[in-house]
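Since the structure comes first, as structure tokens, the remarks are kept for the end.
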Amino acid sequence: MGRQTARYAVIGDPIGHSRSPAIHARFAEQTGQQLSYEAIRVPAGTLAVAVAGVAAAGGCGVNVTVPLKEEAFRFAGSRTERAERAGAVNTLVLDGPGAPLGDNTDGVGLVRDLKINLGVELAGRSLLVLGAGGAVRGILGPLLAERPLRLVIANRTARKAVDLALEFNDLGPVSGGGFEALADSRFDVVINGTAASLQGAALPLPETLIIDGGFAYDLVYASEPTPFLDWAGSHGIAGSADGLGMLVEQAAESFTLWRGVRPQTGPVIEALRAENTGS
Ligand code: ATR
């Protein structure tokens, strides 16, 4: 008698280029789990109907991406603490009747990529996060849980960074301001969470922002280095990474939550990287 195939999906709009089905297919193969995972285009405002459809078809879980993470947050019947802090949900667990559990695995995915895959120390270090939108809100709690010396948020609109820092300052030493306040500051790790990379735009950053031996990370992943990673490279920063590892790590965290088995991420990151560069 064959085991029943468990069904999963990622929903968002646009969704055509999502790497999640390929990532979860590799995880399933690696761990010997029998499951299907599809990408479904779900426009803003229609999440509830779409999730009900997945559940009715026997679905066990849903990943949620742009622009539905806040909608998923409101839709979830209960939420993990990290989802509460993020104000957004990227993982729904459909394990019975009623509204599902909502989790957010983005921030822990970033921290695991930095610490485990890239060997970047966060405890006791000076961290800078660029941007103050939804992507940044999702990573602040897990970053502060690593007990950095300090975490500074810098944003084009300074007020948003200040407000975000106030919202998270019960979790650790976090402050916020505009880019101009960075003039005389140095950081061990700088994480770009602005949408500037997506627009191919440069950020107004002082040359000496990152210490020698420091690290630059862009939450965005792309086949070409982002303008921010280019900037870091041209200022002598040898250590850098884009967000591909974070993408695979957040997927692994969702998979673990759903299946109770943690897949190996290293081989999957390597395989996707090879596809990305066409090598
Ligand atoms: P996301 O959910 O991806 O974080 P968002 O909530 O719209 O998207 O936030 C986008 C972030 O990128 C904001 O911090 C935004 O700065 P503002 O708050 O000043 O708008 C930042 N951003 C977008 N384009 C930028 C650019 N060209 N230069 C610098 N920051 C930019």
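The values are calculated or read from the model by the stated rules, or taken from the named source; none is laboratory data. Predicted model only: the values in this text are computed from it and were never measured. Counting neighbours? That spans all protein chains shown, and the Cβs are built from the backbone with ideal geometry, glycine included.
Summary of computed values
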{"quantity": "A183 surrounded by 17 or more Cβ atoms within 10 Å (Cβ to Cβ), over 23 Å from D242 (Cβ atoms) and without any contact (Cβ under 8 Å) to a residue 24 or more places away in the chain", "calculated": "no"}
{"quantity": "Selection count where residues are surrounded by fewer than 21 Cβ atoms within 10 Å (Cβ to Cβ), small (G, A, S) and farther than 20 Å from I269 by Cβ, scope the range 194-232", "calculated": "6"}
{"quantity": "Among the candidates L247, L229, L182, residue that is modelled with pLDDT of 95 or more and touching a Lys or Arg at 6+ places or on another chain (Cβ under 7 Å)", "calculated": "L247"}
{"quantity": "Within the range 169-202, tally of residues that are more than 12 Å from the ligand (Cβ to nearest atom) and in a helix (DSSP H, G or I)", "calculated": "3"}
{"quantity": "Matching helices (runs of 4 or more DSSP H) fully within the range 63-119 where at least 1 residues are of a type in the set (D, E, K, R) and more than 14 Å from the chain's Cα centre (by Cα)", "calculated": "69-75, 81-86"}
{"quantity": "Residue match in the range 36-54 (condition: out of contact with any helix residue (DSSP H, G or I) (no Cβ under 6 Å at 6 or more places or on another chain), surrounded by 16 or more Cβ atoms within 10 Å (Cβ to Cβ) and of a type in the set (S, T, N, Q))", "calculated": "no"}
{"quantity": "Residues (modelled with pLDDT of 95 or more and over 14 Å from A158 (Cα atoms)) located in the range 186-202", "calculated": "R186, F187, D188, V189, V190, I191, N192, G193"}
{"quantity": "Residue in the range 231-239 that is out of contact with any Cys (no Cβ under 8 Å at 6 or more places or on another chain) and within 15 Å of the ligand (Cβ to nearest atom) present", "calculated": "yes"}
{"quantity": "Selection count where residues are surrounded by 23 or more Cβ atoms within 10 Å (Cβ to Cβ), small (G, A, S) and in contact with a strand residue (DSSP E or B) (Cβ under 9 Å, 6 or more places away or on another chain), scope the range 121-149", "calculated": "2"}
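So that you can scan it fast, the table gives a plain yes or no per residue for (1) in a helix (DSSP H, G or I); (2) modelled with pLDDT of 95 or more; (3) out of contact with any Gly (no Cβ under 7 Å at 6 or more places or on another chain); (4) within 16 Å of the ligand (Cβ to nearest atom):
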residue	(1), (2), (3), (4)
G141	yes, yes, no, yes
E146	no, yes, yes, no
D163	yes, yes, yes, yes
E167	yes, yes, yes, yes
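So that you can scan it fast, the table gives a plain yes or no per residue for (1) under 14 Å from the mean Cα position of the chain (by Cα); (2) part of a helix (DSSP H, G or I); (3) of a type outside the set (K, R):
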{"site": "Y221", "(1), (2), (3)": "yes, no, yes"}
{"site": "P225", "(1), (2), (3)": "no, no, yes"}
{"site": "G233", "(1), (2), (3)": "no, yes, yes"}
{"site": "S240", "(1), (2), (3)": "no, no, yes"}
{"site": "F255", "(1), (2), (3)": "no, yes, yes"}
{"site": "W258", "(1), (2), (3)": "no, yes, yes"}
{"site": "V268", "(1), (2), (3)": "no, yes, yes"}
{"site": "R273", "(1), (2), (3)": "no, yes, no"}
